[in-house]
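Encoded as structure tokens, the structure appears first; notes follow it.
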Amino acid sequence: MDEDKRIVIENLTTRYPGTEQPQLRQINAEVHTGQVVGIIGNSHSGKSTLCRVLAGVIPKIVSAEIEGDWHMFGQRVSDNWPVYNAMNGVVLQNPAGQLSGLADTVADEIAFDLINQGMAEGLIQKRVEEVATQMGLIEQLNLRPESLSGGQIQRLAIATAIVANPAVLIMDDPTSEMDPLGRRQFSNGWPKSKRRLSSLSPVKLTICAKSPTLCGCCTRVKWWPRAGRVRCLIIWQLTGRFQPRQSSNLLKKWIGTWLMAGIR
């Protein structure tokens with residue numbers, strides 16, 4: 001397998017218990033080193049399900065029937081789950097549920113994984129301040145995590161996911177709880193984060209996005225305004241059939257002037 005193809009999904013079908021129709025149907029995709037991939041689709045089209053499968057939440061925590069296969073770094077995830085689990089960073093739709101619940105301060109929560117890895121105290125402090133600055137949490141470092149707003153908790157969850165420089169980062173709608181300012185801070189800071197992380201490890205960032213703000217963070221976006229049709233590599237059609245007209249309407253609704261501004 002080409003080492004540059006860090007995530008390979010082959011004929012992935014996922015069905016929840018008690019349902020007749022699969023939530024994911026015959027999904028095939030590849031993500032290469034350094035790519036930032038966004039996923040756009042209708043509600044219940046399978047965006048979150050795909051993130052849960054890639055993160056291992058399905059079937060390790062949430063029960064579901066899975067057909068097909070997916071590989072990370074040339075290895076089947078199902079055969080190497082402990083190794084893969086230690087290498088990824090995940091932000092799902094309940095960010096508060098991802099916090100340790102053991103930290104007295106925001107700084108301690110961000111540092112949690114680094115402490116467990118045995119990193120030197122001075123390096124931990126430097127890294128925590130760096131990530132807190134990036135996520136707009138530098139003034140909240142001494143606060144208790146439970147005192148934060150919903151958007152701040154979401155930023156804290158992202159901070160805990162990226163602090164250890166994961167090899168794979170999977171985020172499901174990572175700005176849903178943020179106010180407009182928080183979304184702009186995230187969007188403006190993310191390109192710098194991607195460049196820094198990519199220089200340290202073969203980072204892939206998979207973003208399941210509902211917000212057009214995140215389109216500016218993605219590397220796989222292309223725009224062909226021909227005969228009223230829109231094709232966009234940011235979309236993995238999760239319904240099993242590509243529908244150009246529907247996809248065009250979705251892009252016009254969600255992306256708007258982002259693509260017109262020349263994002264590529």
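The values are calculated or read from the model by the stated rules, or taken from the named source; none is laboratory data. A quick note: this is a predicted structure, and the numbers were derived from the prediction, not measured. Cβ coordinates were reconstructed from backbone atoms using ideal geometry, including for glycine residues, and neighbour counts include every protein chain displayed.
Of 117, 154, 98, which residue is closer than 28 Å to residue 53 by Cα and touching an Asp or Glu at 6+ places or on another chain (Cβ under 6 Å)?
Going through 117, 154, 98 in turn, the sole match is 154.
Out of the residues in segment 25-61 meeting the condition of being of a type outside the set (S, T, N, Q) and more than 23 Å from residue 167 (Cβ to Cβ), tell me which one is nearest to the chain's Cα centre (by Cα).
This residue is 40.
Out of the residues in segment 158-185 that are in a helix (DSSP H, G or I) and within 23 Å of residue 83 (Cβ to Cβ), which is farthest from the chain's Cα centre (by Cα)?
Among residues in segment 158-185 that are in a helix (DSSP H, G or I) and within 23 Å of residue 83 (Cβ to Cβ), the one farthest from the chain's Cα centre (by Cα) is 160.
If we scan segment 31-53, do we find a residue that is of a type in the set (A, V, I, L, M, F, W, C), surrounded by fewer than 15 Cβ atoms within 10 Å (Cβ to Cβ) and at pLDDT below 80?
No, segment 31-53 contains no residue that is of a type in the set (A, V, I, L, M, F, W, C), surrounded by fewer than 15 Cβ atoms within 10 Å (Cβ to Cβ) and at pLDDT below 80.
Here's the yes/no breakdown for (1) small (Gly, Ala, Ser); (2) under 19 Å from residue 174 (Cα atoms):
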| site | (1), (2) |
| --- | --- |
| 26 | no, no |
| 59 | no, no |
| 75 | no, no |
| 98 | no, yes |
| 111 | yes, no |
| 116 | no, no |
| 119 | no, no |
| 122 | yes, no |
| 128 | no, no |
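Only helices (runs of 4 or more DSSP H) wholly contained in segment 43-153 count here; list those with 3 or more residues that are within 30 Å of residue 26 (Cβ to Cβ), in the same structural domain as residue 183 (by TED's automatic domain parsing) and not acidic (Asp, Glu).
Filter on segment 43-153 gives 47-55, 57-60, 81-85.
In segment 101-136, which residues are closer than 17 Å to residue 165 by Cβ and among the hydroxyl-bearing types (Ser, Thr, Tyr)?
133 - this is the single residue of segment 101-136 that is closer than 17 Å to residue 165 by Cβ and among the hydroxyl-bearing types (Ser, Thr, Tyr).
Exactly one condition in (1) basic (Lys, Arg); (2) within 20 Å of residue 178 (Cα to Cα); (3) out of contact with any Ser or Thr (no Cβ under 9 Å at 6 or more places or on another chain) is false for residue 126; which is it?
Just one mismatch for residue 126, condition (2).
Kindly list the number of the only condition in (1) buried (at least 17 other Cβ atoms within 10 Å of the Cβ); (2) modelled with pLDDT of 90 or more that fails for residue 67.
Every listed condition holds for residue 67 apart from (1).
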